[in-house]
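Every read-out reported here was derived from the displayed coordinates using simple, explicitly stated rules and does not represent laboratory data. Computed from a prediction, not measured in an experiment: that's the story for all the values here. Here the Cβ positions follow ideal geometry from the backbone for every residue, glycine too, while neighbour counts run over all protein chains shown.
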Amino acid sequence: MLANSPTTNFGYFRRLGIIEGVSFLIILGITMPLKYLADTPGPNKVIGMVHGGLFLLYCAGAVYFAWRQKWPVWKLLLLWLAAIIPFGTFVADRKLLEE
């Protein structure tokens, strides 16, 4: 059983998922409209790079916890899928990671 405390590695992973999801929503809701409607690509580049790093950390963290806890492959695949769907990490946190 993984401890859901915010100070454990699993707690950090759950928070990383929330932060990654927020960064994705910022890209979709703020920086993409700025890029295409206001011809201001700068924020999209910066937030896009930050989001890319968070995305990679989230995917690597999912692999780490799937391996460590002997989670089934379907759970790992759902966590990865959640990272590419808007609001997906929030749903994954509630449905897959909360035990």
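In contact (Cβ under 8 Å) with a residue 60 or more places away in the chain, assigned to a helix (DSSP H, G or I) and not aliphatic (A, V, I, L, M): does that describe G17? Here the answer is yes, as G17 does meet what is asked.
Taken together, Y36, Y64 contain a single residue that is under 29 Å from N9 (Cα atoms) and among the hydroxyl-bearing types (S, T, Y), which is Y64. Of all the listed residues (L97, L77, L81), the sole one being over 12 Å from E20 (Cα atoms) and not in a helix (DSSP H, G or I) is L97.
Residues in the stretch 32-44 that are over 25 Å from L79 (Cα atoms) and in a helix (DSSP H, G or I): P33, L34, K35, Y36, L37, G42, P43.
When the residues of the stretch 84-96 are filtered to those that are over 17 Å from G29 (Cβ atoms) and among the hydrophobic types (A, V, I, L, M, F, W, C), the one that is farthest from the chain's Cα centre (by Cα) is L96. So, P72, is that one on the phi < 0 side of the Ramachandran plot and touching a residue at least 12 places away in the same chain (Cβ under 8 Å) or not? Here the answer is no, as P72 does not meet what is asked. The set of residues from the stretch 21-69 being surrounded by fewer than 15 Cβ atoms within 10 Å (Cβ to Cβ), among the polar types (S, T, N, Q) and either touching a residue at least 12 places away in the same chain (Cβ under 8 Å) or touching an Asp or Glu at 6+ places or on another chain (Cβ under 8 Å) (or both) comprises just one member, Q69.
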